[in-house]
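Peer 1: Shown below is the structure under consideration.
Coordinate-derived values only; no laboratory data. Since the structure is predicted, the reported quantities are computational estimates derived from the model, not experimental observations. Here the Cβ is made from the backbone with ideal geometry for all residues, glycine too, and neighbour counts use every protein chain on show.
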Amino acid sequence: MSETIRSLDDQGRRNPLLWMIGIVAVLLVVVVVVSRLVTDFWWFDSVHFETVFTTRLVTQVLLFVVFGLVMGGALFASLEIAYRLRPKVRRANLDSEFLIQARDVLDARSRTLMLVPSAIIGLMAGMSAVSATDTFLAFWRGTTFGTRDPYYNLDASFYVFDLPWWRFVVGFLLTTLVISAIGALVVHFMTGSLTVKALTRTGNTRESRGAHRQMSILLGLILLVLAISTFLGRYGFLSSDNSLFTGVAYTDATARMPAQTILAGIIALVALVAFYNAWRIRWAVPGVSIALLLVSSLLITGPYPWLIQEFQVLPNEPDKERPYIGRHVEATRAAFGIDEVEITDYEATTEASAGQLRADAEALPAIRLIDPAVVGRTFEQLQQVRGYYRFPQTLDVDRYEIDGRSTDAVVALRELDFESANAEVTWNNQRTVYTHGYGIVGAYGNQRHSNGEPVFFSGGIPTVGVLPEHEPRIYFGERTTDYIVVGAPEGQEPVELDTPTGGEGRTESRYTYTGQGGVPIGDLLPRAAFAVRFGDINLMLSDRVNEESKLIHNRVPLERVQEVAPWLTLDSDPYPSVVDGKIVWIIDAYTTTDEFPNSQSIDYTSAISDSRTRTGVLTQPGREVNYIRNSVKATVDAYDGTVTLYEWDEEDPILQTWSNVYPGTVTPKEDIPASLLEHLRYPSDLFKAQREVLGRYHTTNSDTWYQESDIWAVPNDPVRGGETEQKEPPYYLTIRWPRDTTPHYANTTIFVPRGRENLSVYMSANADATSDDYGRLRVLKLSDEEQIPGPGQAYNAIRTNETVADRLLPFNREGSDTQAIFGNLLTLPLGGGLLYVQPIYTMTSSTTGGYPALRFVVVRFGENVGIGDTLQAALDQVFQGDAGADTGEVIEGESPEAEETPGSGETPAPGESPSPQPSQSPSGAVETPSPTASPSTQDERVRALLDEAQDLYEEAEAALRNGDLATYQDRQEEAQERIEAAIQELDG
């Protein structure tokens, strides 16, 4: 073996190529690592969060060095001591040829053979310590909760911030000592200091005493650290699962927790025995002690708690566990912020009578009929403009102040999708030409055109509508995964594709980015660094990279926020809004932990999943959470990528802790602009987590909780989740709570009894951030005496209703190329009961350009079902011909063809009212403006045109009933042409 090592060493000395390859490999690794570090720093500096980068980097380096040196140094010291304690004379009884050769190698290169493994182990330990960066930072700056646990009277901060760090340190020390002991044992074995015979009293010679003492001391240290770890294990019961819940139960408090203390004491005593063995070497004593330790450990941690559980607790479980359940329920309700939920008994009526909705007149116009999960394709067909733009499959819900009143809206950004551009895949196209999307598209939530299309209040290229003037370009979005290079010297011809027909002669217009986002790469060093990082030599060679160029990367808003605030858990549903002349992404962010004492842990990913959960959420599957707060509202500017973290929950200790770790990164709550506050809402994922917990923890009665006699379950989505058992999502709606005087914007959900399908609970959270009642959780608990149908039952009743079936027959018959699509089934507390409202869309499959159009609205109240072309018509059917209130539903005339550059003088400026336009009544009759007096011949021409339009509308309706959507659309377009001709006649 020694000859082999010498041979390899001689070859290495004679062949300098090997050394050169090694040096080059090391340099390449260094270059890659350094390029990553410097480009990361430049990125953090560009978003003004360099404090996060430097704090984490310094902490990681310190942890790497300190823990790497501790483990590497401990191992080297242990090996060195073991080698120094080797016998002066080689043992003659080393009859193993392998041991003889190993001893030769060790003697020849003892320092090298000790340094190399120590360095390798030290590097691995340092890298392991880097993973504890967040744990250390939270421990370093931990803030008290002001809440103490009922068992050890310790502040919750000890469990959330301190205990995880001490567990890591103790675990690290235990690993270090075990590895050091193993290393020393190997050296002693190789040098002959220890043999099997040497472990007996007769084999204990003067030359082996040093080895015995070293191993005894190491064993004592291992046991001492193990005792500390066992002692810390007492506190782990407050966040570990037992047979009933997460936290301390009767057996934990009376058997397991005291057993941990006793066991820690026994281990400490055995550690003293090991230390004693270093003085009076007799391995039988620590051997017996360890054996007794194992036996006592098995007894006090196994059979003893089992006996307590089986013979004391189980026969009397409700009585024994009652106080522990009470403390657990109290902690859980506080940890999830449901301790102040207001539960009201609600005697919901199922009888429908004329005029029943008169008291709800203000809430009816706000019922959202446009389903954001259905109309994504409609937006794409009507507002896509070019094939390289895309809308998300599920759109977002927002609110805007339009004409002096808050309006629920469905919105989406027209983002760039290079893969759909049909352009040549070249570096210049992908990195410098196709750089950004364009415009926010918004539609009224309660309005539609007579042909079922949404009524857009913002759309087109360039963007026109009622929204204030704003920057429409979108460089940061959910589809922007590529890095791009932007910017150019003044006077240079723009290269970025901006609008499809905004240039001279309706050609493509070009643009040069002028925002603050991105990292300057005009100099050679940053270009080279990014070229190494992305493995892209074009950054060094392309002429489009100039002295004014910037590189924009990390462009997805969720990922951008997660990068600057790794301590936050992000909501899965970011949404865009226009705020102060900019399009911004609004992202709710949470502080979470799974260490809050005595609170129930839930699978967070499962809790927030439903039939509309978006993919690509930055959440680990199976992640456990037992505390959550919506501590931060974050925004990302869609044009320049500016990230702003706004403080929201000012009292959250976890937020205060991380604000201390990264000072200046969180903007105070009072600095939130009023214009942004109007768009903030109660977050969806928090609401989902709360409803998951509230299903069982709505009660404060320990017996009710234990008996599971009143568990609320989230129903499956009957429209899209029934077969796959996906939960029904919560819906943002404007509702009027029973006995309230005015409606409010809310996040709403419903529950059914576990194992049943009837509706039992209606829940809402005030989602209006400008309201003093923001975040107010209220529950209507329905009486068991009058059964209210649940969503599955209501959906089944709608699908099987004869009137509904007759109206949908043209779309459901075999061979029809037009299908009916059922939208979201909304539940609203109206008319003294609960009202179901569901839009129904139709879409042709005979063409690739088909898209869902809102055709019918179905309503169910009690056992009564109504279907109409409008919500008003459906309500009047249900409430005996007169709902008692006007829905305010607006059905606009035919929507204009989607144009590439609408608004060239024909669309009113923001804030202006459009000129009177003809519209179509729900029945299809043409309603025209009242013209001024005009010659009789003009009247005749106008009347003739309107008569033709009326006839065409009737033909369109007949075609629609027959399922012939193509003819329906053609007749609608011809009718619109007649109306426009009539308008031109009137205008003279």
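Peer 1: In region 794-880, what GluC sites (Glu not before Pro) fall in a loop by DSSP, with at most 16 other Cβ atoms inside 10 Å?
Peer 2: Numbers: sites: 802, 814, 863; in loops: 814, 863.
Within region 794-880, the qualifying GluC sites (Glu not before Pro) (loop, at most 16 other Cβ atoms within 10 Å) are 814, 863.
Peer 1: Sort 237, 379, 41, 136 by Cβ crowding within 10 Å, fewest neighbours at the top.
Peer 2: Least to most surrounded, the residues fall as 41, 136, 237, 379.
Peer 1: For region 547-560, just list the computed ³J(HN,Hα) in residue order, Karplus coefficients 6.51, -1.76 and 1.60, θ = phi - 60°, integers in Hz, with x standing in for Gly and Pro.
Peer 2: For region 547-560, the Karplus curve yields 5, 9, 6, 10, 9, 10, 9, 6, 9, 6, x, 4, 5, 5 Hz.
Peer 1: Name the residue from 341, 217, 700 whose Cα lies farthest towards the positive end of the charge dipole of the chain, charges +1 on Cβ of Lys and Arg and -1 on Cβ of Asp and Glu.
Peer 2: 217
Peer 1: Something else about it: Between helix 317-335 and the chain, what is the angle of the helix's C-alpha long axis to the longest principal axis, kept within 0 to 90° and rounded to the nearest 10?
Peer 2: Orientation of helix 317-335: about 70 degrees from the principal axis.
Peer 1: With contacts defined as alpha carbon pairs under 8 Å and 6 or more residues apart, what's the relative contact order of the chain in percent?
Peer 2: Numbers: 1805 pairs, mean separation 120.4, N = 988.
Taking the mean separation of contacting Cα pairs over the length of the chain, I get 12 percent.
Peer 1: If one computes the Cα centroid of region 130-162 and of region 462-522, what distance in Å separates the two points?
Peer 2: 47 Å
Peer 1: Find which of 541, 484, 463 sits farthest along the positive direction of the dipole of region 407-545, computed with +1 on the beta-carbon of Lys and Arg, -1 on that of Asp and Glu, about the Cα centre.
Peer 2: Toward the positive end, the furthest listed residue is 484.
Peer 1: I've got another one for you. Convert 20 °C to kelvin, take the viscosity as 1.002 mPa s, use the Kirkwood radius over C-alpha pairs of the chain as Rh, and evaluate the Stokes-Einstein diffusion coefficient in µm²/s, rounded to a whole number. Don't skip to the end; give the middle numbers.
Peer 2: Working: Rh = 33.7 Å.
The diffusion coefficient I find is 64 µm²/s.
Peer 1: To the nearest 0.05, how large is the calculated FRET efficiency for residue 28 and residue 623 if R₀ is 51 Å and r is the Cβ-Cβ distance?
Peer 2: That pair, residue 28 with residue 623, gives E of 0.90.
Peer 1: Just want the answer: with Cβ charges of +1 for Lys and Arg and -1 for Asp and Glu, which residue in 968, 185, 830 is farthest toward the dipole's positive end in the chain?
Peer 2: Of the candidates, 185 comes out farthest on the positive side.
Peer 1: Kindly flag which residue pairs out of 633/781; 633/688; 320/688 have an alpha-carbon separation exceeding 25 Å in this structure.
Peer 2: Numbers: 633/781 31 Å; 633/688 17 Å; 320/688 32 Å.
Violating the 25 Å Cα-Cα cut-off are 633/781; 320/688.
Peer 1: Rounded to the nearest 500 deg cm²/dmol, what is the calculated helix-only ellipticity per residue at 222 nm for the chain, with -39500 (n - 2.57) per DSSP H run of length n ≥ 4?
Peer 2: Result for the chain, helices only: -13000 deg cm²/dmol.
Peer 1: For the residues 283, 705, 19, what sequence is obtained by ranking on other C-beta atoms within 10 Å, fewest first? The partial results should precede the final answer.
Peer 2: On the way: 283 18, 705 24, 19 11.
With the fewest neighbours first, 283, 705, 19 line up as 19, 283, 705.
Peer 1: Here is a further query. To the nearest 20 debye, what is the magnitude of the charge dipole of the chain about its Cα centre, counting +1 on the Cβ of each Lys and Arg and -1 on the Cβ of each Asp and Glu?
Peer 2: Values: 79 positive and 130 negative charges, 1767 e Å.
In total the dipole reaches around 8480 debye.
Peer 1: Note down the magnitude of the dipole of region 705-784 about its Cα centre, charges +1 on Lys and Arg C-beta and -1 on Asp and Glu C-beta and zero elsewhere, to the nearest 20 debye.
Peer 2: On the way: 9 positive and 12 negative charges, 33 e Å.
So the dipole magnitude of region 705-784 works out to roughly 160 debye.
Peer 1: Less than 25 Å apart at the alpha-carbon level, and either on another chain or at least 8 residues along: which lysines does that give for residue 550?
Peer 2: 582
Peer 1: Treating the beta-carbon of each Lys and Arg as +1 and of each Asp and Glu as -1, no other charges, what is the dipole magnitude of region 264-403 about its Cα centre, to the nearest 20 debye?
Peer 2: Numbers: 12 positive and 19 negative charges, 293 e Å.
It comes to approximately 1400 debye.
Peer 1: I'd like the Kirkwood hydrodynamic radius of region 310-352, using the inverse of the mean 1/r over distinct C-alpha pairs, in Å.
Peer 2: On the way: mean 1/r = 0.0735 Å⁻¹.
Hydrodynamic radius (Kirkwood, Cα only) of region 310-352 equals 13.6 Å.
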